[in-house]
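I am attaching a structure below and will ask some questions about it afterwards.
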Amino acid sequence: MAPIQEKRKHVRVKPLENEPVEIHLMGTSLLDVLYASDISLGGVGIVAPNHFDEWDMNETVEILVALPGDLADFLAKGVIKQIGKKSKELGVYGVQFTAIGPKGKQDLQVYVNRMVRQGRVLN
């Protein structure tokens, strides 16, 4: 029997709890700083409070991604591809990146590589 092929094109990593990846939403009324549950060159999982309901499936969004340490923040555009189950407190939104500048992409690749070396890969 052939192994199941992972359908993702990009390696997903889980940020360190003590060095989170912050997500700032552009153009919404929610001013809270949100955090990435996972991130890759292809997109990001964003943990949001369950009362946040401004985003719909396939909606185009703009976010500011703040990578920890010496890496620069970058703006990204993306599309909501998944809205996870919401608990009493939190829900997760899957955002597929559609546009990231070259510097942002470069820094994100550096970050992903660092997390891979630390064993933070998600399957």
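The values are calculated or read from the model by the stated rules, or taken from the named source; none is laboratory data. Computed from a predicted model, the values in this text were never measured in an experiment. Don't worry about glycine lacking a Cβ; one is built from the backbone with ideal geometry, like all the others, and counts go over all protein chains shown.
Search region 103-122 for residues that are over 12 Å from H10 (Cβ atoms) and touching a residue at least 24 places away in the same chain (Cβ under 8 Å) and pair each with any residue that is in a loop (DSSP other than H, G, I, E, B) and basic (K, R) when their beta-carbon atoms are under 7 Å apart and the residues are at least 6 apart or on different chains.
R120/K14
Okay, next question. Name every residue in region 1-14 that is modelled with pLDDT of 85 or more and either touching a Cys at 6+ places or on another chain (Cβ under 6 Å) or over 24 Å from E59 (Cβ atoms) (or both), in order of residue number.
Result: V11, V13, K14.
Can you tell me which residues in region 91-108 are crowded, with 16+ Cβ neighbours inside 10 Å and assigned to a strand (DSSP E or B)?
G91, V92, Y93, G94, V95, F97, I100
Give the residue that is modelled with the highest pLDDT, with candidates limited to residues of region 17-42 that are of a type in the set (V, I, T) and in contact with a strand residue (DSSP E or B) (Cβ under 6 Å, 6 or more places away or on another chain).
V21
Filter region 78-90 for residues that are closer than 14 Å to G45 by Cα and not small (G, A, S); which is surrounded by the most Cβ atoms within 10 Å (Cβ to Cβ)?
So, considering only residues that are closer than 14 Å to G45 by Cα and not small (G, A, S), the one surrounded by the most Cβ atoms within 10 Å (Cβ to Cβ) is I80.
In this structure, is L25 more than 11 Å from the chain's Cα centre (by Cα) and surrounded by 15 or more Cβ atoms within 10 Å (Cβ to Cβ)?
yes
Further question on the same structure: What number of residues within region 46-71 are modelled with pLDDT of 90 or more, more than 15 Å from the chain's Cα centre (by Cα) and either loosely packed, with under 13 Cβ neighbours inside 10 Å or in a strand (DSSP E or B) (or both)?
Looking only at that region, the number is 2.
Output the number of residues of region 78-100 satisfying the condition of being at pLDDT 90 or above and out of contact with any strand residue (DSSP E or B) (no Cβ under 6 Å at 6 or more places or on another chain).
0
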